[in-house]
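Structure record follows, encoded as structure tokens.
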Amino acid sequence: MIPAREALARLREGNRRFVTEGKASDAPTGHDRRRELLAGQEPFAVVLGCSDSRVPAELVFDQGLGDLFVIRVAGNIVAPSQVASVEFAAERLGVRLVVVLGHSRCGAVVATLEELERPQQGRARHLPSIIDRIRPSVETVLDAAAGADRETLVRRAVRANIRASADHLRHGSPLLEELIRTDGLLVVGAKYSLQSGVVEFFDGLPADA
């Protein structure tokens, strides 16, 4: 089991390689690594990220096969299935770091903002299942930043949505709460910049991390 702080350091270093070198390192992904993983998996971090095709967690953090337990859903929302997936990784696989990874200019956040401004009829039948989970974060931002320009609203809403998802994981599961309290589980929020490639960890970090 890799402690949360060590796992966080690995992700930071991997993102540094991704940003500065512009290519993947020698993270194991070939035939030999596949054979090694036949016996089981030991990922060192969970990444609950957005489904956006521009933010693949393994590339963003420069990791190989078997390194990350990745959950992707539009808007990096937390619904029961996401909570269950994190519980599985924490309890069964011993993962002690969970990262909620949002990103700049998130389309799901923009869609939620547009829905609040101009409710639409005849939209995709299941889209509300995503928008309704992002809505509280966007509403809070709108209330606090009346008159702000669109770019500012989206930027603040993205961060608020990341915080809300991370907080949901910290307080929405008795199992995860217990592991946080007694066994070193850490849930943090982070934002990926589409422009720079940099991941900023900003929510739930220990004071010295």
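Quick look at the numbers
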{"quantity": "Computed over the chain, the ratio Rg/Rh where both radii use C-alpha atoms and Rh is Kirkwood", "calculated": "0.98"}
{"quantity": "Per-residue ³J(HN,Hα) for region 38-51, Karplus 6.51 cos²θ - 1.76 cosθ + 1.60, θ = phi - 60°, Hz, x for Gly and Pro", "calculated": "4, 6, x, 10, 9, x, 9, 8, 9, 10, 9, x, 6, 6"}
{"quantity": "Most positive-pole-ward Cα, A84, L59, G184, against dipole of the chain from beta carbon charges", "calculated": "L59"}
{"quantity": "Residue-averaged [θ]222 nm for the chain, counting only DSSP H segments that reach four residues, each worth -39500 (n - 2.57)", "calculated": "-15000 deg cm²/dmol"}
{"quantity": "Residues whose placed amide H lies under 5 Å from that of D203, excluding near-sequence neighbours", "calculated": "G189"}
{"quantity": "Hz values of 3J(HN,Hα) by residue in region 131-145 - Karplus curve (6.51, -1.76, 1.60), Gly and Pro given as x", "calculated": "4, 5, 7, 8, 3, x, 5, 5, 4, 4, 5, 4, 5, 8, 10"}
{"quantity": "For the chain, size of Cβ-based charge dipole, Lys and Arg +1, Asp and Glu -1, in debye", "calculated": "400"}
{"quantity": "Given charges at Cβ of Lys, Arg, Asp, Glu: the chain dipole, positive-most of V199, I130, A164", "calculated": "I130"}
{"quantity": "Farthest toward positive dipole pole in region 41-150 [+1 Lys/Arg, -1 Asp/Glu at C-beta], among F44, A74, L93", "calculated": "A74"}
{"quantity": "Amide H contacts under 5 Å for V47, placed H, 5+ residues apart", "calculated": "F69, V70, I71, V99"}
{"quantity": "Beta bridges per DSSP with both ends in the chain, % antiparallel, nearest 5", "calculated": "20"}
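Any read-out appearing in this document is the output of simple, stated calculations on the displayed coordinates, not a laboratory observation. On a predicted model such as this, the values are computed, not experimentally measured, just so you know. Reconstructed Cβ throughout: ideal geometry from the backbone, glycine too, with neighbour counts over all protein chains shown.
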